[in-house]
Amino acid sequence: MYNTIASVAESVAGKLNDIIIRPRLFFSNMKLEGGYKEPLIFSYIIFFAVTAIGFILYQLGLPQMIVLVDLKKETSGNDLFLLFFVRTIAWGAGSFLMAFLYHMGFKIVGGVGNYEATYRIVTYVSAAYIFNIIPRIGIFIYCFYSLLLVVIGGAIVHKISNGKAVIGPLIPIIVITLLSALLQTFK
């Protein structure tokens, strides 16, 4: 069992390193098919690790903007569990939704990759979530770098220019922003 855990940790650390430091190489070598399980597990390992580190940092008094946004000192154990449970479900569901939205954006600009490949981009881009452990500025680094990674992965996987790879993910972001603004006007 120890060898299995060590092997998984080594694999995750290697992928994390490659995605953050050598994203073009990582996405060029990424399998485009093979199922959703492996990339989803990778994404959840990053999520759980960052959440655990964020919780510890929060308890030490370091402000975490995204990891535990809703946590208050008086939060009970049941509320904490419920918050963690909801965030865990939202993380997985959100990966499928974001992949769908990015995939539609890439298709609009002429991308040729399939949904599974786009899903793999999204889940492996979750490696950038690690930046959220940096107090105060981590969320900004995470947002910028994850979008950059989506652009790099999209250009490679969907065989489109860098310009189209920038426009592709912006399409769903703009549409969601406009829909949100429109809904706010009716409130």
I152 passes all but one of (1) at pLDDT 95 or above; (2) surrounded by fewer than 19 Cβ atoms within 10 Å (Cβ to Cβ); which number fails?
(2)
Filter the range 80-137 down to the residues that are polar (S, T, N, Q), at pLDDT 90 or above and either in contact with a strand residue (DSSP E or B) (Cβ under 6 Å, 6 or more places away or on another chain) or buried (at least 20 other Cβ atoms within 10 Å of the Cβ) (or both) and list them by number.
S95, T118, T123, S126
Can you tell me how many residues within the range 156-187 are farther than 13 Å from H103 by Cα, in a helix (DSSP H, G or I) and not hydroxyl-bearing (S, T, Y)?
12
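The values are calculated or read from the model by the stated rules, or taken from the named source; none is laboratory data. Please read all numbers here as calculations on a predicted model, not as lab measurements. Glycine also receives a Cβ, built like all others from the backbone with ideal geometry; neighbour counts cover every protein chain displayed.
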